[in-house]
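The values are calculated or read from the model by the stated rules, or taken from the named source; none is laboratory data. Since the model is a prediction, treat every value here as computed from it, not as a measurement. Neighbour counts are summed over all protein chains in view; Cβ atoms, including those assigned to glycine, are modelled from backbone coordinates with ideal geometry. Surface accessibility is based on the protein's heavy atoms, side chains included, excluding ligands, DNA and RNA. Shrake-Rupley method; radii C 1.70, N 1.55, O 1.52, S 1.80 Å.
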Amino acid sequence: MSSSHVLVLNCGSSSLKFAIIDIHSGSEVLSGLAECLAEQQPLIKYKYDGEKQTITLSAGDAHQVAITRLVELVKHLNLDKQLIAVGHRVVHGGEHFTHSVRITPEVIEAIKQTSALAPLHNPANLLGIEAAQTAFAALPQVAVFDTAFHQSMEPTAFLYALPYSLYKEHGIRRYGFHGTSHYYVSTQAHKILGLDKDNSRIVSAHLGNGCSVTAIKNGLSVDTSMGLTPLEGLMMGTRSGDIDPGIFAFLVNQLKYSPTQVDLLLNKQSGLLGISELSNDCRTIEEAAAQGHEQAQLALDIFCYRLAKQIAAFAVPLGGLDTLIFTGGIGENSDEIRRKVVSQLGFLGLTLDNEKNLAARFGQLGIITTTNSPCAVVIPTNEEWVIATDAATIAQEQ
Ligand code: ADP
């Protein structure tokens with residue numbers, strides 16, 4: 001059989017997630033995470049052939065070293081000969097990129113130009129691209145953008161009611177994120193539920209540490225809850241989601257926060273963590289709430305209320321709602337959050353099947369509503385699969 005492996009790289013500011021996917025079988029041949037990069041104790045954890053292993057790096061080692069060690073590992077495991085492409089997750093593609101592309105010097109330049117919109121993410125993604133180009137010079141490299149799926153939004157959905165010049169001159173608009181995940185689960189929903197792609201109204205809820213909801217009409221994103229940055233929209237693990245922007249001025253003028261402190265507060269100290277004052281982790285919050293922790297319960301209640309409100313709002317651009325998808329760590333596992341959300345959407349006709357809701361957990365796909373209800377379905381996401389197949393397709397085009 002011909003070579004069929006794609007290396008998928010997701011380079012964060014201090015971490016590097018990687019996987020080698022066999023695009024014929026869909027299986028993950030190798031997967032792992034390099035973490036604490038450029039810190040005191042960086043290390044690589046990986047899983048191969050069912051076994052988990054760890055490689056210790058030296059203090060201060062960063063992305064280039066991690067990728068060099070990853071290359072050594074790939075060669076040691078004899079996996080390099082089978083590779084046909086490298087696929088990179090890139091967070092922000094701005095308005096440049098409406099789909100995945102083969103990486104060229106022009107593409108790198110465009111990603112650099114977009115870095116002002118994602119100053120933490122895009123430079124890290126570029127580090128991964130440059131390191132992988134050095135290590136795998138002969139392989140085609142492909143960029144897959146988190147924002148690309150949402151480029152089908154109309155100006156009515158993507159413009160803020162700010163002076164128009166801020167959009168024209170500085171690109172300040174809503175872009176949306178988690179596009180690869182929303183695309184994957186919605187195409188899976190079309191297949192699994194036998195939906196007519198030209199006549200479908202889907203809301204997809206990606207609920208992980210970051211959370212976003214997307215309205216997908218006839219296969220295209222028409223609106224999404226995240227904006228210029230991943231801070232807008234739903235309440236998340238540590239992010240506030242929507243707030244009155246006047247709070248920014250209040251914090252700065254009255255409480256003497258610096259803009260950097262406000263940014264930290266909204267991105268790292270808010271959300272489930274901020275309200276519960278306990279944790280950003282949904283499992284921990286659910287356990288504490290079950291034992292009577294009032295702020296943990298309040299955090300869950302606010303999370304579900306805001307999520308239900310956002311899903312219902314997307315019935316406007318869709319003109320109704322036929323299918324609601326839950327995905328991401330919380331969406332795939334928390335029967336409790338799904339129950340609370342669906343119960344608040346009863347006016348749209350959604351009725352939960354409690355047994356099916358309990359069954360659809362821990363990677364188990366399944367419809368969780370009764371037969372006469374609009375369909376709510378749990379679909380485990382697989383962003384690596386989209387990146388691998390896009391990379392393989394584009395690599396084979398030339
Ligand atoms: P990321 O956005 O970093 O990829 P994930 O999609 O893995 O994150 O989601 C992480 C979230 O999923 C955490 O809040 C975690 O507590 C939650 N989660 C995972 N398993 C469960 C579970 N069994 N019940 C409730 N929440 C869960």
Run down Leu350, Leu300 and say which single residue is within 12 Å of the ligand (Cβ to nearest atom), more than 19 Å from the chain's Cα centre (by Cα) and under 24 Å from Thr224 (Cβ atoms).
Leu300
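Using the structure shown, decide if Ile311 is within 22 Å of Asp242 (Cβ to Cβ), modelled with pLDDT of 95 or more, in the same structural domain as Ser225 (by TED's automatic domain parsing) and within 16 Å of the ligand (Cβ to nearest atom).
So Ile311 fails the test.
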Let me spell it out: the conditions are (1) outside any loop (DSSP other than H, G, I, E, B); (2) in contact (Cβ under 8 Å) with a residue 24 or more places away in the chain, and Leu195 meets all of them except one. Which number is the exception?
(1)
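Do we have any residue at all in segment 383-391 that's within 16 Å of the ligand (Cβ to nearest atom), within 27 Å of Ser27 (Cβ to Cβ) and among the hydroxyl-bearing types (Ser, Thr, Tyr)? Steps first, please.
Pass one, segment 383-391, residues within 16 Å of the ligand (Cβ to nearest atom): 383-387.
Add one more test, that the residue is within 27 Å of Ser27 (Cβ to Cβ), and what stays is 383-387.
Those left that are additionally among the hydroxyl-bearing types (Ser, Thr, Tyr): none.
Taking every residue of segment 383-391 in turn, none turns out to be within 16 Å of the ligand (Cβ to nearest atom), within 27 Å of Ser27 (Cβ to Cβ) and among the hydroxyl-bearing types (Ser, Thr, Tyr).
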Please list, ordered by first then second residue, the pairs with beta carbon atoms under 9 Å, 6 or more apart or interchain, first in segment 347-362 and in contact (Cβ under 8 Å) with a residue 12 or more places away in the chain, second open to solvent by 80 Å² or more (accessible area, probe 1.4 Å) and within 16 Å of the ligand (Cβ to nearest atom).
Leu352/Arg339; Asn354/Arg339; Asn357/Arg339
Residues in segment 187-201 that are open to solvent by less than 10 Å² (accessible area, probe 1.4 Å) and either within 15 Å of the ligand (Cβ to nearest atom) or closer than 19 Å to Val386 by Cα (or both): how many?
1
Among the helices (runs of 4 or more DSSP H) lying completely within segment 268-355, list those that include at least 2 residues that are among the acidic types (Asp, Glu).
282-290, 294-313, 335-343
Across segment 131-163, what is the number of residues that are without any contact (Cβ under 8 Å) to a residue 40 or more places away in the chain and crowded, with 17+ Cβ neighbours inside 10 Å?
1
Take segment 76-110 and flag every residue that is surrounded by 15 or more Cβ atoms within 10 Å (Cβ to Cβ) and among the hydroxyl-bearing types (Ser, Thr, Tyr).
Ser100
With (1) within 14 Å of the ligand (Cβ to nearest atom); (2) in contact with a helix residue (DSSP H, G or I) (Cβ under 6 Å, 6 or more places away or on another chain) as the list, and Leu273 as the residue in question, which single condition is left unmet?
(2)
Which ones in segment 118-138 are touching a helix residue (DSSP H, G or I) at 6+ places or on another chain (Cβ under 8 Å) and not in a helix (DSSP H, G or I)?
Phe136
Of the conditions (1) touching a helix residue (DSSP H, G or I) at 6+ places or on another chain (Cβ under 9 Å); (2) more than 14 Å from the ligand (Cβ to nearest atom); (3) not in a helix (DSSP H, G or I), Glu232 satisfies every one except a single condition; which number is it?
(1)
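Which of the residues belonging to segment 314-368 are of a type in the set (Asp, Glu) and under 16 Å from Arg283 (Cβ atoms)? Break it down into steps so the answer makes sense when it comes.
Taking segment 314-368 as the starting set, the residues that turn out to be of a type in the set (Asp, Glu) are 322, 332, 335-336, 353, 355.
Residues satisfying the conditions are Glu332, Asp335, Glu336.
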Can you find a residue in segment 324-340 that is more than 16 Å from the ligand (Cβ to nearest atom), free of Cβ contacts under 8 Å to residues at least 60 places away in the same chain and aliphatic (A, V, I, L, M)?
no
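Pick out the one residue from Tyr183, Tyr175 that is open to solvent by 10 Å² or more (accessible area, probe 1.4 Å) and outside the structural domain of Ala85 (by TED's automatic domain parsing). I'd like the intermediate steps shown before the answer.
On the way: Tyr175 fails: open to solvent by 10 Å² or more (accessible area, probe 1.4 Å).
Just a single option satisfies the conditions, and that option is Tyr183.
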Selection from segment 40-75 of residues open to solvent by 90 Å² or more (accessible area, probe 1.4 Å), of a type in the set (Asp, Glu) and outside any helix (DSSP H, G or I) yields Asp49, Glu51
